[in-house]
Every structure is written in structure tokens, then in C-alpha cells.
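The values are calculated or read from the model by the stated rules, or taken from the named source; none is laboratory data. What you are looking at is a predicted structure, and each value in this text was computed from that prediction instead of being measured. Cβ: placed from backbone, ideal geometry, glycine included. Neighbour counts: every protein chain shown.
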Amino acid sequence: MNKKKEINNLDTLPTLNNIKQIEKELNFFIDIGYGELNFDSLYKWSLIINTFHKYFSGNSYNILDIGGGCGPLDMYFTNYGNVLSIDLNHETTWYPINELSFYRNSIGFKYKKQNLQRITANILETKLLKGRDTKFDFVYDSCSMIHFHNYGDIQPTKNIEIISKIVKNNLSKDSLFVTASHCTYPSSFPSRDFTFHENIDHAILNSGFSRLNKKGDFKGIKKIFRKKTDFGYKRNSINVLKSNNSENQLRLLRENWRSGRGGSEWTTFFGVYKPEFEDTKIKIDFLEYINNSSIVKFKKIWMRYFGKRVYRILHYIFKASSLPF
């Protein structure tokens, strides 16, 4: 991972600046004919591609696609390394496709078929990700992990956390995990697999990750939803997309969200994460350190001159920090 690149601060609630940041990626999908599909899908795909190129350069990476199915992303990333794509279905998707898995009305793009391995399996159950010697450099989820959300359960994000832990076990310290999913707007309500964005974020953070991009700002979104637009409730508007007008594209994206699911209003959750690993070389248990035979003499002298109370205070401090002295 290229650590010199700036952090990709793309908000959960997109702004005009966010749309402009991924202009190149959006135009890529529009030019090959995917602009006829829901604009929110183009938006999520563009976020993931944009983030990859901000952090990585070269074409020899190991990449994992979680639940991408027949989407274009796993094919796109074959130009940058070996891609393992795991999903329950690689035959059909929510839009019509041709024999090459491209959108039926798309002209497609060049990709390296020999670099793509599509496996039909449940990521929660497959053994392919257990005990792997080769770590993934880049892992992405494009609106699939939310389908593992257990709506109505006591622990609704339990499976999201389990998947995140599986992902972490297959990463190195320089790897990256990116997810872009639909979620419920904070003042709305969960519906089936649509949960609140903070629930997804917490599940991933609890699995041993830290977040690189800032959280989205939802201020003013209600006013935007109430504002009438020229797009009605259309899921796409190819003329708007081809006009390359960022303001209209942003309005179109938010119109997509108004349809929601089960009556709830929704938006896009986008998180960029890196795995956190403990450095066992510098973290030493103070109890083991203080009982080492080489410093028993020091311990006796310390107790004689400073007393038990001070010793116990320092013992507590060092034990809490996991550092010796």
C-alpha cells in the first residue's frame, strides 16, 4: 500500500466535491454503457476504484471481492492482480447481463480472464479463507455485507463482524479493506437488511480495524429530500450523467435514495479501513518482567526504599499499558 498518498476523505453523505473526486471513474462506467443502471450503484463502484488507485500502484496485487457476483469490479481489478471473487451466485444479478457477464447494453472493457477466480460459496462457511499462506492486499465489499445483517436479532450485526474478522485474518499490516453499502438514514428506520451506518462501522471496528476516512455529515439531508427535482423518482437519467454536471449528478444520486426499502430513507455508507495488529515485540506483560530472576534484587531494593503502595501503583500503570518501564 502506498502510504504517501493522501487519505481519501469521501463522506458518507456525498457533497459536490465528492462527486468531482470520482469524476473519472463515473465517466468510465458511463462511457461503456453502465450509465443506464442505477446511479447509486455507479457511485459505489466508483468509490471503490477511486480508493484503490489512491493507495496502490502497480498490477501484481492479491485482491478479494466479497459478494460482487456478476458485477464489473472483479473483472476490472484483474488488470491489477489476481482476483478471488466469492458470492452465492455468479450466474445472474439484478440487471440483465450477456455471456461475458457485462451489462447487456454495455460495450464492456478489457480484462485478464486468467487472473479471475470466481467461487460460488457462502463467505461465512467457505474454507477457502482459512489458513491461507498468501495475504490479500486489497479487499472490497460493494453492498453485499449488509445482506448478512440479522434484522430483529439481539445482535443484528453479528455476521458483519464475523465476516470482518475473516477478512482481517487474511490481511497484512499494509492491506486495505473498503466497503460501500446502502444504509438507513439516521432519522429513518431499519428495514430488513438496511441498518444504520454506525452499526456497520462499529461491527468492522470491533473486528480489529481502524478507519482511515472521516465519517459522513448528514446535516441538511432532510431538506434536500423534500426539495422537488426534475428527475421524479427515476432510478437513472443518462442525459444528466452525460452532461457531466456534478450538481445534477448529486441530486440524481439523492433521488435514488428516496425510494428506500420498506418505506425507509437510505444513503450510502462508505468506509476505508486498515487492520490493526499488536506488536508483541514491545508489549511485555509487567508481571513477567518484574518476576524475572535478573531483576529480583532490584525489586527487593525498590520495596525497601519506596514501599508496597508506590510499587503497586506503578505495577498497575505498567500492566495497563503493557509496557515494562
Checklist line | Residue among Phe148, Phe102 that alone is surrounded by 18 or more Cβ atoms within 10 Å (Cβ to Cβ), more than 17 Å from the chain's Cα centre (by Cα) and farther than 23 Å from Gly58 by Cα | finding: Phe102
Note to self: Going residue by residue through the range 84-92, is there one that turns out to be of a type in the set (Asp, Glu), outside any loop (DSSP other than H, G, I, E, B), at pLDDT below 95 and surrounded by 20 or more Cβ atoms within 10 Å (Cβ to Cβ)?
What the structure shows: yes
Check: Out of all the residues in the range 101-121, which are out of contact with any Phe, Trp or Tyr (no Cβ under 9 Å at 6 or more places or on another chain), among the hydrophobic types (A, V, I, L, M, F, W, C) and under 17 Å from Val83 (Cα atoms)?
Finding: Ile119, Ala121
Item checked: Selected residue (only one of Tyr111, Tyr43 is at pLDDT 90 or above, in the same structural domain as His182 (by TED's automatic domain parsing) and not β-branched (Val, Ile, Thr)) -> Tyr111
Margin query: Condition (residue is more than 21 Å from Lys135 (Cβ to Cβ), touching a residue at least 40 places away in the same chain (Cβ under 8 Å) and aromatic (Phe, Trp, Tyr)) applied to the range 54-66: is it met by at least one residue?
Written below: no
Next item on the list: Return yes when Ser106 is assigned by TED's automatic domain parsing to the domain that holds His147 and part of a strand (DSSP E or B) and no when it is not.
Entry: no
Next item on the list: Could you list, in sequence order, all residues of the range 26-83 that are in a loop (DSSP other than H, G, I, E, B) and within 15 Å of Arg118 (Cβ to Cβ)?
Entry: Gly67, Gly68, Gly69, Cys70, Gly71, Pro72
Check: How about the range 59-83: which of its residues are farther than 20 Å from Ile146 by Cα and within 18 Å of the chain's Cα centre (by Cα)?
Finding: Tyr61, Asn62, Ile63, Tyr76, Phe77, Val83
Next item on the list: Could you please find all residues in the range 202-224 being surrounded by fewer than 21 Cβ atoms within 10 Å (Cβ to Cβ) and modelled with pLDDT of 70 or more?
Entry: His202, Leu205, Asn206, Gly208, Ser210, Arg211, Leu212, Asn213, Lys214, Lys215
